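Encoded as structure tokens, the structure appears first; notes follow it.
The values are calculated or read from the model by the stated rules, or taken from the named source; none is laboratory data. Computed from a predicted structure; not experimentally measured. For neighbour counting, all protein chains shown are included, and Cβ atoms are generated from backbone atoms with ideal geometry for every residue, glycine included. Only protein heavy atoms, including side chains, enter the accessible area calculation; ligands, DNA and RNA are left aside. Shrake-Rupley method; radii C 1.70, N 1.55, O 1.52, S 1.80 Å.
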Amino acid sequence: MSDIDTQMPDIRALVTDLRRDLAERQTQLANTFNERPDAEAYLTGRCGAVDHALLKLWEGLEFPADLALVAVGGYGRGELYPASDVDVLVAVPEQMPPDVAARVEKFVGLMWDIGVEPGHAVRTPEECLEMAEHDVTVHTNLLEARLLIGNRTLFERFKFLLRANLDREAFVKAKRLEQDERHGRHHDTPYSLEPNCKESPGGLRDLHTIQWIARACGLGNTWQDLHRHELITAREVRQLQSVEGFLRRLRIRLHLQTRRRVDQLLFDHQEALARRFGVQPSGARRASEVFMQRYYRNAKVITQLNTIVLQNINACLFPLKGGATIYINSRFQVTRELLDVRDENMFESQPRALLESFLILQQRPELKGMSARTLRALWRGRRLIDAEFRRDPANRAMFLQLLQARRGVVHEFRRMNQFGILGRYLPAFGRVVGQMQHDLFHVYTVDQHILMVLRNVRRFTMAEHAHEYPLCTRLITAFERPWLLYVAALFHDIAKGRGGDHSLLGMRDAREFCENHGISPTDTDFVVWLVEHHLTLSQVAQKQDLTDPEVIADFAAEVGDERHLIGLYLLTHADIRGTSPKVWNNWKAKLLEDLFRSTMRLLRGALPVQAMGLDARMQEARRLLRFHGLRDGIENELWNEFDTVYFLRHDSEEIAWHTRMLYYRTHGEAPVVKARVNQAGEGLQVMAYAPDQPDLFVRLCGFFSRLGYSIVDAKIHTTRHKYALDSFVLLDTNDGLEARDMIGLIEHDLVERLREQGPPDRPTVTRLSRQVRHFPIQPEVSVSADDRRQRHILHVTAADRPGLLYDVAQVLVENGINLHTAKITTLGERVEDTFLVSGVVLHQTGPLLRLEQQLLEKLAI
């Protein structure tokens, strides 16, 4: 029997006592924090409670005296959040004998038993050094080592080896690269609507990075230490303490509220956190919106200070050799490849230089940024931008120069926003800084979305991005004064949150800006028109029938000429892509491009039918059929069964695919189902050809929904000989099997379902998304007759969920409604679907009202 086995009764009793004691201490800490939110007291208090438990456990297992138990990582620096891991290192002088290894394994297991979630390693000092040399994260954790119990000599040898072998310059570079990579994972912005308070830019990790570098380079462990080394000012010490305290309290509350390690500020948690912080609603804004704006301001200060402090540390530790100062003018100079003010108080006497500093960065690509004292001076000087400054013609001219620059527009406008300059110069922009958007498809605050749209438009002009969107690059290259599109991008959403139509309010701001800045009346009208109509192209493309020549003609009349069409297309493309990485897809891109090309043909003199490209489409489809080896004329029999609408609704490649698949079919009434990877991008394309029946569309929707697919496009067509040819574009909402792996299953199983003609598959019941739960959408249903009053147009708006289209189709079937076309539009978590329908009840007031009520009830589920 081993020593551990003989100790087990006593150890079990000890574990029971420690688990109870630790739980009581942590409960008391939480209660005290809720009464008086002192973050430092909580963090050190939890460390002390865990220290006590681990020391007792170590002593109870009677470890040899030559071992050491070391706290590392956040536990080592004395910061244990409610749900944080407890990282420990068992330091050993050499490879352990089996009995000691068994004792360590038992110790780690008992840590779980007493209620501690461990992260652990067992290494010699030499092994620690080897790991640290190859992994900067390991090195960082070990830098914060704190001896808990055991062999101090061994611990000091471990610390000495780490210090003696530290390459400070390599460590600093590695930590800065690590920070850049982390920021990239979070889209380089603190302003996502659900930021991570630990990892996102402006989060705790940005503060930790400063502290790790300072500790590694011997500059101290506190903000006061950095002040003593003259790396930060006394005011910045107070700012750092303030923002750090806010984030610590926030993370503690988040862990206590969720009872687990959650660092992302999900919508689910924001309202409760706001209440905990004593934040009240303000006007039309929820308490959570007011609270999150406070968070974003905090994050902005952290990103500013992170830039300044790391720059100062780098300059202090690694001065450039032979780097002479280069004078630019009486106001600025170049120091260490950075733009530097020659006098820290220069902006006070020459406030115009605030804008000039950004212009110089655009004009001198050799500059890598601004010096720390320049950034400080900018932040102090932002308040010099007042009404008089904005009225100065020279300042207005310089601001236009910033927009018209050949390079650096996005970088400098982002920098201007980061340091408060942009919001001071454009007060309307300042009002939307940090403002949230709860429309279920934007994932950034309003100001960040605007700058993302500006970035997207700028990228169209850059050769290195030409491969991404070739048509946009081609259009903007020939576009005269493309900087006007940047102005439109700045103002398109600037009136969000004021109440009323933000497009109409924004156009007034845009007109005032253009007139104040001397932009010609023609160009002013162009920018104002773009702001007013920035949603129009998207709405027409995604909600109206692009196979209807009247729709194209009406849209062409709205845009008027090619320049307005091109400008609107480019702005719309950039706008949709700037809402969220998930909203844009190739299917939406195709809708926009189809509308753009049809309208362009009409504006260039084509007849309405010619603008739809019907003859060219059929000719191209025939060419593709010949390419695939089908003889001339084989398509005629099938195509004679289709009316013009079919050829308008499908492009030439789809027509050729349908024709080939149906040419090879077995004759008779057997259904034909074919699937392939979507030629336009993500997901699958599926065609189903079968004798028409009233509930066919319902059955198809149910089948796809059961497989976990979301229908993003549906084209329904009935041939002259009463066959249905329905086409779908499907996206997998559950990230299941690869699309190619599903093709055989869909083709086989759907044919069987259609042959059996059994009841439709009911969709699987799933939970609503978090966004829909917290920001519900009021369902809307409208029915209106078309111009000839033969058919009706049904519009449906609701929160997206699996099976929604199935429920709508089921209601239509139950009321004897015939479905002719379906236009499916998904905007993030919001669906706006349009159906062309016919049926007797649509002409009767009572039954029509009952139909609308049934649809509303289904949509509200």
### Task
Give the distance, in whole Å, between the Cα centre of the range 267-297 and the Cα centre of the range 519-597.
35
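Cα gyration tensor of the range 521-564, axes a ≥ b ≥ c as square roots of the eigenvalues: rounded (a/c below 1.5), prolate (a/b > b/c) or oblate?
Numbers: a/c = 3.93, a/b = 1.89, b/c = 2.08.
The shape class here is oblate.
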### Query
Residue by residue through the range 371-376, which ³J(HN,Hα) values in whole Hz follow from phi under the Karplus form 6.51 cos²θ - 1.76 cosθ + 1.60 (θ = phi - 60°), with glycine and proline marked x?
5, 4, 6, 5, 5, 4
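Of Leu61, Leu475, which has the most accessible area with a 1.4 Å probe, and how do the rest follow in descending order? Don't skip to the answer; put the middle values down first.
On the way: Leu61 0, Leu475 25 Å².
The most accessible residue leads, giving Leu475, Leu61.
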### Query
Where a ≥ b ≥ c are the square roots of the eigenvalues of the C-alpha gyration tensor, would you call the range 13-133 rounded, which needs a/c under 1.5, or, failing that, prolate if a/b is larger than b/c, or oblate?
oblate
### Message
If every alpha-carbon in the range 499-636 counts as one equal scatterer, what log10 I(q)/I(0) does Debye give at q = 0.14, 0.15, 0.17, 0.18 1/Å?
### Response
-0.76, -0.84, -1.00, -1.07
### Nearest 10 degrees, 0 to 90: helix 152-164 Cα axis against the chain principal axis
60
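Which of the peptides 47-54, 235-242 is most tightly packed, and how do the rest follow, judged by the mean count of other Cβ atoms within 10 Å per residue?
On the way: 47-54: 20.1, 235-242: 15.9.
So the order, starting with the most tightly packed, is 47-54, 235-242.
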#### Entry: Cα centroid of the range 675-693 to Cα centroid of the range 90-120, whole Å
57
### Query
What accessible area per residue, rounded to a whole number of Å², is obtained for the range 386-532 using a probe radius of 1.4 Å?
39
### Query
What is the set of long-range amide H partners of Val86 at a cut-off below 5 Å, with H atoms built 1.01 Å from backbone N?
Glu117, Gly119
## Note on the structure
Between Thr821 and residues 5 or more places away or on another chain, the pairs with built amide H atoms under 5 Å apart involve Leu836
### Task
Over the range 669-762, average the accessible area per residue using a 1.4 Å probe and give it in Å², no decimals.
45
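Report in % the part of the accessible area of the range 292-360 that belongs to carbon and sulfur, leaving out ligands and nucleic acids; probe 1.4 Å. Present the calculation step by step, with values, prior to reporting the outcome.
On the way: 1410 of 2970 Å².
Reported share for carbon and sulfur atoms: 47 percent.
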## Note on the structure
Once the in-chain neighbours fewer than 8 apart are removed, the lysines whose Cα is under 17 Å from Lys590 read Lys543, Lys582, Lys715, Lys823
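Under the definition of Cα pairs under 8 Å and six or more residues apart, what whole-number percent is the relative contact order of the range 430-527?
Numbers: 88 pairs, mean separation 21.5, N = 98.
Over the range 430-527, the number comes to 22 percent.
When the accessible area of the range 122-231 is split by element with a 1.4 Å probe, what percent falls to carbon and sulfur?
Values: 2400 of 4990 Å².
Using a 1.4 Å probe with all protein chains present, the range 122-231 comes out at 48 percent carbon and sulfur.
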### Estimated vicinal HN-Hα couplings, Hz - the range 307-316 in sequence order (Karplus 6.51, -1.76, 1.60; Gly, Pro = x)
4, 5, 5, 5, 5, 5, 4, 4, 5, 5
### Solvent-accessible surface (1.4 angstrom probe) belonging to Asp732, in square angstrom, nearest 10
50
### Query
Cα gyration tensor of the range 434-577, axes a ≥ b ≥ c as square roots of the eigenvalues: rounded (a/c below 1.5), prolate (a/b > b/c) or oblate?
rounded
### Query
Can you give the accessible area per residue of the range 28-101, in Å², using a 1.4 Å probe?
39
### Summary
For the range 333-423, the convex hull over Cα atoms projects on average to an area in nm² of 5.3
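Carbon and sulfur atoms: what percent of the 1.4 Å accessible area of the range 817-861 do they account for? Intermediate results must be reported in sequence, preceding the final value.
Values: 1090 of 1990 Å².
That fraction is 55 percent.
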### Query
Around Glu532, what is the net charge, scoring Lys/Arg as +1 and Asp/Glu as -1 over all other residues with Cβ under 11 Å from its Cβ?
-1
### Message
Under 5 Å between amide hydrogens, which residues at least 5 positions from Phe332 or on another chain qualify, with H placed 1.01 Å from N in the peptide plane?
### Response
Arg342
### Qualifying lysines (Cα of each under 17 Å from Cα of Lys300; at least 8 residues distant if same chain)
Lys198
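Please give the net charge around Gly283, taking every other residue with its beta carbon less than 13 angstrom from that of Gly283, where Lys and Arg add +1 and Asp and Glu add -1.
On the way: positive: Arg285, Arg286, Arg431, Arg498; negative: Glu289.
Its environment carries a net charge of +3.
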### Query
What does the charge count near Leu707 come to, summing +1 for each Lys or Arg and -1 for each Asp or Glu among other residues with Cβ under 10 Å from its Cβ?
-2
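Can you tell me the order of 796-806, 98-108 when each peptide is scored by its average per-residue count of other Cβ atoms within 10 angstrom, highest first? Walk me through the intermediate numbers first.
Numbers: 796-806: 22.7, 98-108: 15.5.
Ranked from most to least packed, the peptides come out as 796-806, 98-108.
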### Query
Does anyone have the angle between helix 845-859 and the longest principal axis of the chain? Alpha-carbon axes, 0 to 90°, nearest 10?
30
### Query
Karplus couplings for the range 76-88 from phi (6.51 cos²θ - 1.76 cosθ + 1.60, θ = phi - 60°), rounded to Hz, Gly and Pro as x?
x, 8, x, 10, 10, 6, x, 10, 6, 4, 10, 8, 10
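Treat every Asp and Glu Cβ in the range 644-720 as -1 and every Lys and Arg Cβ as +1, leave all other atoms uncharged, and give the resulting dipole magnitude about the Cα centre to the nearest 20 debye. Don't skip to the answer; put the middle values down first.
Details: 9 positive and 8 negative charges, 34 e Å.
Dipole about the Cα centre, nearest 20: 160 debye.
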### Message
Taking every pair of distinct Cα atoms and averaging 1/r, then inverting, what Kirkwood hydrodynamic radius in Å comes out for the chain?
### Response
31.7
